[in-house]
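So the structure is just underneath, and the comments pick up after that.
The values are calculated or read from the model by the stated rules, or taken from the named source; none is laboratory data. Keep in mind it's a predicted model, so treat the numbers as computed, not measured. Glycine also receives a Cβ, built like all others from the backbone with ideal geometry; neighbour counts cover every protein chain displayed. Side chains are part of the model used for accessible areas, which takes the heavy atoms of the whole protein and leaves out ligands, DNA and RNA. Shrake-Rupley method; radii C 1.70, N 1.55, O 1.52, S 1.80 Å.
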Amino acid sequence: MERIAGRMLGLGTETAFEVLARAKKLEATGRDIVHLEIGEPDFDTPSNIVEAACKALRDGYTHYGPSSGLPPARQAIAEYFSRDRGVQVGPENVVITPGAKPILFYSILALVNPGDEVIYPDPGFPIYQSVISFFGAKPVPLPLKEERDFCFDLADLEARITPKTRMIIFNSPHNPCGSMLSKDDLRGIAELAEKHDLWVLADEIYSKSTYEDPFESITQFPGMLDRTVVVDGFSKTYAMTGWRMGFGIVPKDAEPHFSRLMVNSNSCTSSFSQIAGIEALNGPQDEVKAMVAEFRRRRDFIVDGLNAIDGVSCRKPKGAFYVFPNVKALGMKSQELQDHLLENAGVASLAGTSFGPEGEGYLRFSYANSLANIEKALERIAESLQEVRR
Ligand code: PLP
């Protein structure tokens, strides 16, 4: 008898955590590693949020709460979302989860049947493909091409829609490419979703990390709140990755099902984290602005630095905190290059293929690290690639 259930074969992973573990092992042997593999702000959580959590602990927010979230936290998120996206939602549309990831999991579980088709971006956040396959649905990749600035063609999207298509997933600003969909693209997706009666999963976790164009949500188009699950959270915007605070904005009739999935898996999200989340949304936003300004400086620095290296070319991303340089001219597979940079240059990055087959020929660097470390990484990369080219 197999000791492990067969379904586990269908579950993928997020390579960033594996590379992080490898990099930590090297560090334990005394190597100096620059971490550009993990998508985590290097800033500390703003102190007003930390204080709110400490007070909440002292005030006794140490118990179970309702599975969809504490009423004042759901209210604060509904108000935030309504004013930020300019569409009216209520607390009954909000499901608070430990990080944003559970919303991805629950959306497929609650809204997609085995055998249904789900269209998702390639390259894209690896958890999409992983959970679609895990629950017996068919993942249908939608290629994002560099020539199109890592956005997709609406005709390509439409060509992938069949009678079995149930859901479209997209992520803007995008991990790993840093691209953003235009308002016209979003309108086009909304029209296709209406025409073919599809669910939309809009991963808006990077909505606050934008550098030029304003963020646009698909929920602004008529009828879309009824067929969209928005994924958002506190991890990236407020440097709260370890707190595990995320949320979904879901149609009213879907909420009880997300809530039941919460009861069955997590019971509820940490109560004092939710109280701190209210402070994050309603308190001063200066530190968020400062973080975004700093990310922008780092983006410009790393893009220029990468473009100065022979054989590497890098577009300027519009959002999130990743660059996705083209390394095809170096003549190595992305995975080999990722390993080479880790082992020889002490720079942890991710192969583009960690995000799907379309990522071959690219690397992803997270610039959620200090300018000094990014500079060190660039110097090391340039030097070690000289050896590769020799
Ligand atoms: N969606 C995307 C595109 C992400 O990049 C991430 C984190 O890396 C998440 C969702 C998950 O966020 P959280 O850490 O809040 O679960």
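Key figures for this structure:
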| item | result |
| --- | --- |
| Number of the exception - ILE127 against (1) over 24 Å from GLN220 (Cα atoms); (2) open to solvent by 20 Å² or more (accessible area, probe 1.4 Å); (3) more than 16 Å from the ligand (Cβ to nearest atom) | (3) |
| Residue that is surrounded by the most Cβ atoms within 10 Å (Cβ to Cβ) [pool: residues in segment 186-222 that are aromatic (Phe, Trp, Tyr) and within 16 Å of the ligand (Cβ to nearest atom)] | TYR206 |
| Lone unmet requirement of (1) open to solvent by 10 Å² or more (accessible area, probe 1.4 Å); (2) touching a Ser or Thr at 6+ places or on another chain (Cβ under 9 Å) for PRO357 | (2) |
| Matching entry among PHE105, PHE135 (being open to solvent by 10 Å² or more (accessible area, probe 1.4 Å) and either on the phi > 0 side of the Ramachandran plot or within 16 Å of the ligand (Cβ to nearest atom) (or both)) | PHE105 |
| Selection within segment 222-272 - among the charged types (D, E, K, R) and within 26 Å of GLU51 (Cβ to Cβ) | ASP232, LYS236, ARG244 |
| Segment 303-315, subset touching a residue at least 40 places away in the same chain (Cβ under 8 Å) and open to solvent by 10 Å² or more (accessible area, probe 1.4 Å), residue farthest from the ligand (Cβ to nearest atom) | ASP310 |
| Filter result for ALA193 (free of Cβ contacts under 8 Å to residues at least 40 places away in the same chain, outside the structural domain of VAL323 (by TED's automatic domain parsing), under 21 Å from the mean Cα position of the chain (by Cα) and not in a loop (DSSP other than H, G, I, E, B)) | no |
| Which listed residue, of ASN369, ASN344, is of a type outside the set (A, V, I, L, M) and not in a helix (DSSP H, G or I) | ASN369 |
| Residue satisfying all of: in segment 227-247; on the phi < 0 side of the Ramachandran plot and away from the ligand (no atom under 11 Å from the Cβ); most open to solvent (accessible area, probe 1.4 Å) among these | ARG227 |
| Residues of segment 72-92 classified as open to solvent by 20 Å² or more (accessible area, probe 1.4 Å) and touching a Gly at 6+ places or on another chain (Cβ under 9 Å), total | 3 |
| Any hit, segment 6-18, residues being assigned to a loop (DSSP other than H, G, I, E, B) and away from the ligand (no atom under 16 Å from the Cβ) | yes |
